[in-house]
Amino acid sequence: MRIEIWAEVTCPWCGLGNHRLNRAVEQFEHGDEVEVIHRSFPLSDGFPTDRTIGVREALRHKHGMTGERLETMTRRIEAIADQDGLSPYIVLNNQVGNTRLAHEFLAYASDEGKNRAAWDAIFQAYFGEARPIFGLDVLLELAEKLGLEREQTRRALSECRFQQQVHDEARDAQRLGATGAPFIVLDGRYALSGAQDTATLLEVLRKLWNETHPRFSETGGAAAICGSDSCAPPAGQPTNA
């Protein structure tokens, strides 16, 4: 089973959605047969590349949010993350910046076989430690922690080798109907928007598994397929009148 998740690295709902998806796969009975692939959906190209700004200032300029409304929204996300076992989860007292280079780093790491590990690491660095993941130095430190060669990573980023891949991934998300992040596609069959809770994700995983792995009875006939709230007869078998 293949799951693709598009995200922006500074989007608090994306970090939470990534955590919930990881938990759902861990709890899924066939989790060892699930491949999770992260894709880039940059939403911060409008921020300057040479400096960062505080979340309060960014939300005020981008969405006109100030005062109590701003505090309430960001604190709510932090509280939800805490309830989900993500603590610390730093949203309000954090910095934001242009994430173009971070996404190119993630594309490079993915090309080196570190897709899921790199995304987990960058979410942890940003939301767990409030580290500025927008510049080369921090990204090179993450590369070393992931077992990637520092100078090769530097050259890949300096030469913008993965700029087109990041662009293509964002375009693919929009083609599939994404209007924001996170955006999840499961086996090309189901699309989910937003940071769905773990129970919902687990239910969809089980439903998809049942649809794609029909069971058979001991006599050789197909058994009824049961979903989360109902059971259906095998394909081609009529129901009793």
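Note on GLU29 and CYS160: the model spin-label points, each 7 Å out from Cα along the C-beta direction, lie 5.1 nm apart. Rolling a 1.4 Å probe over the protein heavy atoms gives the chain an accessible area of 52 Å² per residue. Taking amide H as placed 1.01 Å from N in the peptide plane, the amide H of MET65 sits under 5 Å from that of ARG60, each at least 5 places away or on another chain. Among the GluC sites (Glu not before Pro) within the range 1-63, those in coil by DSSP and having at most 14 neighbouring Cβ atoms inside 10 Å are GLU29.
Hydrodynamic estimate: the Kirkwood radius of the chain over Cα pairs, inserted into Stokes-Einstein at 20 °C and 1.002 mPa s, corresponds to D of 110 µm²/s. Springs join every pair of Cα atoms under 10 Å in this Gaussian network model of the chain, and among ILE80, ILE90, ILE184 the largest mean-square fluctuation is at ILE80. Between ARG189 and GLU71, the distance separating the two model label sites (each 7 Å from Cα on the Cα→Cβ line) works out to 4.8 nm. Gain on full extension, evaluated as 0.36 nm per residue between ASP172 and GLN83 minus their Cα-Cα distance, stands at 28.8 nm.
When the chain is treated as a Gaussian network with alpha carbon springs shorter than 10 Å, the biggest mean-square fluctuation among PRO48, PRO132, PRO182 belongs to PRO48.
Residue separation of ASN93 and ARG150 scaled by 0.36 nm, minus their Cα-Cα distance, works out to 17.5 nm of gained length.
Only beta bridges with both residues in the chain are counted; by DSSP, about 70 percent of them are antiparallel. GNM remark for the chain: springs join alpha carbons under 10 Å apart, and the peak mean-square fluctuation among GLY85, GLY128, GLY17 falls on GLY85. Helices meeting the span-like rule in the chain (full DSSP H runs, Cα extent of at least 20 Å along the helix axis, mean Kyte-Doolittle score of -0.5 or higher): 198-212.
The GluC sites (Glu not before Pro) found in the range 136-165 that occupy coil by DSSP, while having at most 14 further C-beta atoms within 10 Å, are GLU149, GLU159. Local charge for LEU140 was computed over the other residues whose Cβ lies under 13 Å away, with Lys and Arg +1 and Asp and Glu -1, and equals -1.
Distant-in-sequence amide contacts of ILE133, defined by a placed amide H-H separation under 5 Å and a gap of 5 or more residues or a different chain, comprise nothing.
Sorted from longest to shortest, the spans of the Cα atoms of the range 49-140 along the three principal axes equal 44, 33, 18 Å. For the range 77-211, the share of accessible area belonging to carbon and sulfur comes to 44 percent (1.4 Å probe, ligands and nucleic acids excluded).
The values are calculated or read from the model by the stated rules, or taken from the named source; none is laboratory data. Every value quoted in this text rests on a predicted model; they were computed, and no experiment measured them. No Cβ is skipped: glycine too gets one built from the backbone with ideal geometry, and neighbour counts run over all protein chains shown. SASA here: full protein model, heavy atoms, side chains in, ligands and nucleic acids out. Shrake-Rupley method; radii C 1.70, N 1.55, O 1.52, S 1.80 Å.
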